[in-house]
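*Asks:* Here you go, one structure.
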């Protein structure tokens, strides 16, 4: 039997509410602390407790950490999912199970490892009765550690991190781990090929979830107000603000420089945030699809009245309540055209935890520079699961407050300004904020028809002029958008275009196809709307552009068809919508099923030089100065 080292998947089946989260995260962090690239994904039901839940861990020495469709090692403690879990083990895999589950086992092609979890825990009289079931999960951590080689020092470090150095819970849980190790050492014979061995590929990385990263990024971006209403999977983003703002935003006099308000519903949450944005605060909210639906009217107000605000949408499966604990990219077209009437939303599309942090602060700069709502579309997989990431970097540029007129500015221009007047040809007007003491600073904010000086009007010509300016402003915003990320392949004959958390699965699928079939793809991950010029050049380069996304209706492809109708025949959809995180398997199958022999096309000024230009690492941030532009330190 050939050893398989640092390249397999583990799935743990338990009941929701059984306390297995600590055990599963301990396994994940232990593998990470051993220097092995790893990812963990929680698949849990939307009820409070009792139904089956699964936690998947992918370890891969080459860094391919997207969800894997093959279950190499399965651990189950749940009689309700026992048969299903047993059937899911790949042939030649390993099956760890609680031995008090008296159900038939009809597999002879997998290694079977029974674990007497209950009897082991009962024998330790130091564990309080109320904690026996919770601590019992640590027995399978120990058994697994012994059989596949998880380092006990790494486990202890993971427990110390989880319990924040509190010795009593650390000792209680680590003793259960050691009991599992001793049982496996004495009673279980190794019959599977899977092993873990230390590496050094995570030495300069951290582990974090996207919602926490977004909260921290928002704090470093100077957030001053957050209105929110609880909703899965976005609640932990606002909770991250609640946790970290008191630690990171302190004044010597003890006064707070921020406010976080849990509103009565999502509509009120956005309404409060828009009011704060109008008042000059850096304001935000976070929600998911159903909440965003309720926010639609206020989103239209902020668009038309040109009020800066940031809205995080951590996407889940819809429509309606849908599957609240499953992931999706199903809100893209809805967000892009949100609101009645004609509108275009500026959208940021983070692709990893690090970008959740970066877009946390960049979204405020963008909102105030363009004076419009900025939507940031994450998803449940990115937002709630733990990911490896490079350490977050403190913003190295001042805040960009955009075109704000302060007292001195108003004195210089002698009041020659209009709230909705385009003086500079960039379609972005000037604004003032409440508290400006100059008598010429005041204006009426209007969600009704208005002229360039914010006066109420229903004049058709004034309305048309204003709406055309708003459209121009949207397209001008592309100069402030983050550039796409490009993964080039020499000799590529087709392109892949995607966004968000699908990147890991695409990189792995692309590697597999090149290795097995010799086909090469250039891959561009778009990071925002409106599209930048690099996207246009990429589309011009190939007669086949495969658009990969996690929704039914190929929503990114729909937007591409709207923006690039002349290239409609080039866009091929690779869409999938089962609610699970993207896997290399369905990406690979979609690419191969739709690929056709390439045709020679005129690349319209593209080619190797264009690809190299697009592939260059973009500057962290571009600020186009427009005087007067107010700037402030990030505090």
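Throughout, read-outs are computed from the coordinates displayed, never taken from laboratory work. Nothing here was measured: the structure is a model prediction, and the numbers come from that model. When we count neighbours, we look across all protein chains shown, and the Cβ atoms used for this are built from the backbone with ideal geometry, even at glycine.
*Asks:* When a/c is below 1.5 the answer is rounded, else prolate if a/b is larger than b/c, else oblate, so apply that to the chain with a ≥ b ≥ c taken from the square roots of the Cα gyration tensor eigenvalues.
*Replies:* The shape class here is prolate.
*Asks:* Could you put 161, 174 in order, starting from the residue whose Cβ has the fewest other Cβ atoms within 10 Å?
*Replies:* So the residues, fewest neighbours to most, are 161, 174.
*Asks:* Also, quick follow-up: With 10 angstrom as the radius, rank 562, 502, 53 by how many other C-beta atoms surround their C-beta, starting from the fewest.
*Replies:* The order, fewest Cβ neighbours first, is 562, 53, 502.
*Asks:* Multiply the residue separation of residue 396 and residue 592 by 0.36 nm, subtract the distance between their alpha-carbon atoms, and state the gained length in nm to one decimal.
*Replies:* Full extension of this stretch gives 66.2 nm more.
*Asks:* Can you compute the label reach from residue 112? Point 7 Å from Cα along the Cβ direction, backbone N cut-off under 13 Å, restricted to the stretch 54-81.
*Replies:* Those under the cut-off are none; the list is empty.
*Asks:* Moving on to the next point. In the stretch 4-202, what % of DSSP beta bridges are antiparallel (nearest 5)?
*Replies:* Once the DSSP bridges in the stretch 4-202 are tallied, antiparallel ones form about 50 percent.
*Asks:* Here is a follow-up. Two decimals is fine: what's Rg over Rh for the stretch 485-615, C-alpha atoms, Kirkwood radius as Rh?
*Replies:* Dividing the radius of gyration by the Kirkwood radius yields 0.92.
*Asks:* Right, another one. Relative contact order (percent) for the chain, with alpha-carbon contacts under 8 angstrom and 6 or more residues of separation?
*Replies:* 12 percent
*Asks:* When DSSP assigns beta bridges and you keep just the ones with both residues in the chain, what percent turn out antiparallel, to the nearest 5?
*Replies:* Antiparallel bridges: around 35 percent, rounded to the nearest 5.
*Asks:* Calculated from DSSP H runs of 4 or more alone, at -39500 (n - 2.57) each and per residue, what is the 222 nm mean residue ellipticity of the chain, nearest 500?
*Replies:* For the chain, the value works out to -11000 deg cm²/dmol.
*Asks:* Among 109, 409, what is the fewest-to-most ranking by other Cβ atoms within 10 Å?
*Replies:* 109, 409
*Asks:* Ranked highest first by the average count of other Cβ atoms within 10 Å around their residues, in what order do 542-555, 215-228 fall?
*Replies:* 215-228, 542-555
*Asks:* Could I ask something else about it? If I model a spin label as a point 7 Å beyond the Cα along the Cα-Cβ vector, how far apart are those points for residue 102 and residue 133 in nm?
*Replies:* According to this spin-label approximation, the distance is 2.1 nm.
*Asks:* Same structure again: When the Cα centres of the stretch 262-314 and the stretch 123-143 are compared, how far apart do they sit, in Å?
*Replies:* If you average the Cα positions of each part, the centres end up 45 Å apart.
*Asks:* Return the tail of the calculated pair distribution for the stretch 208-394, meaning the percent of Cα-Cα pairs more than 25 Å apart.
*Replies:* It works out to 25 percent of all Cα pairs.
*Asks:* Additional query: Report relative contact order for the stretch 485-615 in percent, whole number only (criteria: Cα-Cα under 8 Å, sequence separation at least 6).
*Replies:* 32 percent
*Asks:* Residue 182 to residue 203: FRET efficiency via 1/(1 + (r/R0)^6), r the Cβ-Cβ distance, R0 41 Å, to the nearest 0.05?
*Replies:* 0.85
*Asks:* Over the stretch 4-202, what relative contact order in percent results from Cα pairs under 8 Å that are six or more residues apart?
*Replies:* Worked out over the stretch 4-202, it gives 26 percent.
*Asks:* In whole angstrom, note down how far apart the Cα centers of the stretch 208-261 and the stretch 403-449 are.
*Replies:* 30 Å
*Asks:* What FRET efficiency, computed as 1/(1 + (r/R0)^6) with R0 = 45 Å and r the Cβ-Cβ distance, is obtained for residue 126 and residue 567, rounded to the nearest 0.05?
*Replies:* Given R0 = 45 Å and the Cβ-Cβ separation, E is 0.10.
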